[in-house]
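What follows is a short report on a single structure.
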Amino acid sequence: MIKFTKKQILFCCVLCGIILLIFLLPTLFSFCFNLNSASIIYHINVDGLANISTGSLPVTILLPLPLMNNQSALPDSFYTRELDGWNSSVVSTEYGPLLSLTATTSQLKNIHASYGRSGMFVGEVPVTRLSGLKFSPETNDTATPYSLHMKSPATPSPSDTKVEKFPPGVVVATLDPSLPAYDSRPTYVGREDIGPTLVYIPEALSDETANISILIEYQTSSKYGYLFTQPNNMIGHYSTEIIEQIPGNVSGWIPVLPQSLPSIIRLDTFSAS
């Protein structure tokens, strides 16, 4: 019978442990990475405002706030910020809290803002389905006819199709829903599980002829329940959008329609040619 010394036994145990660790290392890395890689992103573009002069009139635009499982997705303090030509904060209204964007110059600028957190603990983003993403406030009003939808038609003839560009690098759609668009990729689908939300356009902008294009993207990413999958396997990645092109002569409270895509796809602008 072969007898092993304590040192030999200890060496074999250490060697087996090292080999086991090597095999488990990818799984341990995935677990640790996914455990702290959740994120919340709330991105806003409001175009069509650049170079509009409002004189001494105050200009404040109100936009909805994101909810996660019926709770505020981000603390109010995250929205208190100085932007390029605008100040943002959360304000109380008759409909509930909203994101306020107040102009700091009489010569307006387009609004581009992103709020969010990354590198969050997975338990802080427990969203397991798209229905967990909503907007505040929610209204029973009918959504406006200004919501832009992607279509998947046969290729139209440029001579009988009116095409409007909506923020560069994002989407192209037609203002008239009876006319086809120039894109055949996945369509936006209205969120039937939630009601429309609200935006507020001040009367100070109602005499302007330019359309105001609003793009709101709300995304969460989390491996909640899938911690041992590979980091690039984005299970638990959800997104909902608001895409509106509001005529320049429209102001006040406007119901807008949350929409979604089968997956997160950044769309490119197509022009008629």
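To the nearest 10 Å², what's residue 117's accessible area with a 1.4 Å probe?
90
With each label point set 7 Å from Cα along the Cα-Cβ vector, what nm distance links residue 77 and residue 51?
Modelled inter-label distance: 4.1 nm.
Please list 78, 135, 121 in order of solvent-accessible area, largest first, computed with a 1.4 Å probe with all protein chains present. Don't skip to the end; give the middle numbers.
Details: 78 70, 135 10, 121 100 Å².
I get 121, 78, 135, largest accessible area first.
Given H placed on each backbone N at 1.01 Å, which residues far from residue 93 in sequence or on other chains put an amide H within less than 5 Å of it?
Here the answer is 98, since their amide H atoms fall under 5 Å of that of residue 93.
Using a cut-off of 9 Å between beta-carbons, work out the net charge of the residues near residue 240 (Lys and Arg +1, Asp and Glu -1, residue 240 not included). Numbers along the way, then the final one.
On the way: positive: 134, 191; negative: 217, 241.
The answer is 0.
What's the local net charge at residue 216, with K and R +1, D and E -1, over the other residues with C-beta under 13 Å away?
-2
For residue 104 paired with residue 141, estimate the spin-label separation in nm (one decimal), with each label point 7 Å from Cα along the Cα-to-Cβ line.
Result: 3.0 nm between the two label points.
Please give the net charge around residue 105, taking every other residue with its beta carbon less than 15 angstrom from that of residue 105, where Lys and Arg add +1 and Asp and Glu add -1.
Counting the neighbours of residue 105, the net charge comes to -1.
The values are calculated or read from the model by the stated rules, or taken from the named source; none is laboratory data. Keep in mind that what you see is a predicted model, and the values were worked out from it rather than measured. Quick reminder, even Gly has a Cβ in these numbers, built from the backbone with ideal geometry, and neighbours come from all protein chains shown. The protein model used for the area step is the full one, side chains on, heavy atoms only, and it has no ligands, DNA or RNA in it. Shrake-Rupley method; radii C 1.70, N 1.55, O 1.52, S 1.80 Å.
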